[in-house]
Amino acid sequence: MKILVTGSNGLVGSYVVKQLLEEGHQVFASSRTPDLSAFSEHPGYRFVQLDFTDPYMLDAVFEAIKPEVVVHSGAMSKPDDCEQNQSEAYTINTAGTLQLLLNAADYKSFFIFLSTDFIFNGKQGMHREDDPADPISYYGCTKLEAEEAVKTYAYEWAIVRTVFVYGKPLYGRDCFITMIAKKLRNHEAYAVTDDQERTPTYAPDLAKGIAAIIEKKATGVFHLCGKEICSPFQMAMETADFLGIRSHQLKPVHTADLPALAQRPLKSGLDISKAQQQLDYAPLSLREGVRRTLEGTAGV
Ligand SMILES: NC(=O)c1ccc[n+]([C@@H]2O[C@H](COP(=O)([O-])OP(=O)(O)OC[C@H]3O[C@@H](n4cnc5c(N)ncnc54)[C@H](OP(=O)(O)O)[C@@H]3O)[C@@H](O)[C@H]2O)c1
């Protein structure tokens, strides 16, 4: 199938592109900045430099590609950045998604939107797909408004909500686990929250789940994340355990002690039963995900 992926230079987009190429799709990867990938020699791969908030660029790209599927993973994804630059966050996360939906409708593309556990308020945790949303950050608000637009799309759509994604960076910036590993190896002190519950997601698992949605033409909302609840501090400790670094300077702190611009949901995490049943989604354990993220990195 002809698939347009936005945000292909990002952590999620890079793994989505890799998975879809492995499954034999014709992938049109796109990002605002030039291609960072090493896929340029792959026969199924094309890169398009695209700012999806620019309607003229989008018109030209859709007309050239006529995608059967759009996987929209591009976003302003850092909650603090969104809190600080609200107009830009709205333009990218909400208005950009609306613009993509308009173009996708011209080609009746299957539209798959990447969303987040940050649309919930963090009071209850382990949310199911139909639980009421109540974002407590501007990032969460922009993603929820985009979700609402996707739900009005006249053709097939899916919304994929995910949580705290990690994985060996294919290109681009470190993920949380590789960043912690660097701090541990450099004996740097680092404070990590121990009172936020998450179900961290191994990026290749998420990419496989999205590929299953495409293959099964599964529509509606899906939660795709890890199966274990843990705090960022526990993730950091798992990293230290894997590296065998016993004497380290990781320090558990409460969210209130680490002032941040955007509020984070405390009890988060998503229930993945629907994806397990309908998509045969089978994520790795955190321990195995951390192992695969770090194996082959310096010093391991
Ligand atoms: N990572 C997580 O823990 C997590 C958790 C929950 C949900 N999500 C969702 O998953 C999706 C992907 O997240 P991620 O972690 O992969 O984010 P990321 O690493 O920050 O990547 C986002 C990508 O979006 C691209 N982008 C931003 N604005 C753009 C624009 N106007 N036009 C074209 N491309 C643009 C950026 O491209 P350039 O680099 O080229 O500027 C960047 O590569 C997002 O929708 C996010 O909300 C992520």
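The values are calculated or read from the model by the stated rules, or taken from the named source; none is laboratory data. Bear in mind that the values here come from a model prediction, so they are computed numbers and not experimental data. All Cβ positions, glycine included, derive from the backbone under ideal geometry; neighbour counts span all protein chains shown.
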- Message: Could you check the stretch 171-182 and list, in sequence order, the residues that are in contact (Cβ under 8 Å) with a residue 60 or more places away in the chain, away from the ligand (no atom under 11 Å from the Cβ) and more than 22 Å from Leu266 (Cβ to Cβ)?
- Response: Thr178, Ala181
- Item | Candidate set from the stretch 267-283 (those that are touching a helix residue (DSSP H, G or I) at 6+ places or on another chain (Cβ under 8 Å) and surrounded by fewer than 17 Cβ atoms within 10 Å (Cβ to Cβ)); member that is nearest to Pro204 (Cα to Cα) | Ala282
- Filter the stretch 131-170 down to residues that are aliphatic (A, V, I, L, M), more than 15 Å from the ligand (Cβ to nearest atom) and in contact with a Leu (Cβ under 8 Å, 6 or more places away or on another chain), then give me how many there are. 0
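Please find, among Glu22, Glu63, Glu83, Glu68, the residue that is within 15 Å of the ligand (Cβ to nearest atom), assigned by TED's automatic domain parsing to the domain that holds Asp117 and modelled with pLDDT of 95 or more. Steps first, answer last, please.
Details: Glu22 fails: within 15 Å of the ligand (Cβ to nearest atom); Glu63 fails: within 15 Å of the ligand (Cβ to nearest atom); Glu68 fails: within 15 Å of the ligand (Cβ to nearest atom).
None of the other options fit; the residue is Glu83.
From the list Leu250, Leu224, Leu206, exactly one residue is in contact with a Gly (Cβ under 8 Å, 6 or more places away or on another chain) and not charged (D, E, K, R). Which is it? Walk me through how you get there before you give the answer.
On the way: Leu250 fails: in contact with a Gly (Cβ under 8 Å, 6 or more places away or on another chain); Leu206 fails: in contact with a Gly (Cβ under 8 Å, 6 or more places away or on another chain).
Just a single option satisfies the conditions, and that option is Leu224.
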- Identify all residues within the stretch 221-266 that are within 19 Å of the chain's Cα centre (by Cα), of a type in the set (D, E, K, R) and under 14 Å from Gln196 (Cα atoms); write none if there are none. Glu228, Arg264
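Does Thr116 satisfy the criteria of being within 10 Å of the ligand (Cβ to nearest atom) and on the phi < 0 side of the Ramachandran plot?
Numbers: within 10 Å of the ligand (Cβ to nearest atom): yes; on the phi < 0 side of the Ramachandran plot: yes.
Spelling it out, Thr116 is indeed within 10 Å of the ligand (Cβ to nearest atom) and on the phi < 0 side of the Ramachandran plot.
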- Selection over the stretch 36-50 where residues are touching a Phe, Trp or Tyr at 6+ places or on another chain (Cβ under 7 Å) and within 9 Å of the ligand (Cβ to nearest atom) yields a count of 1
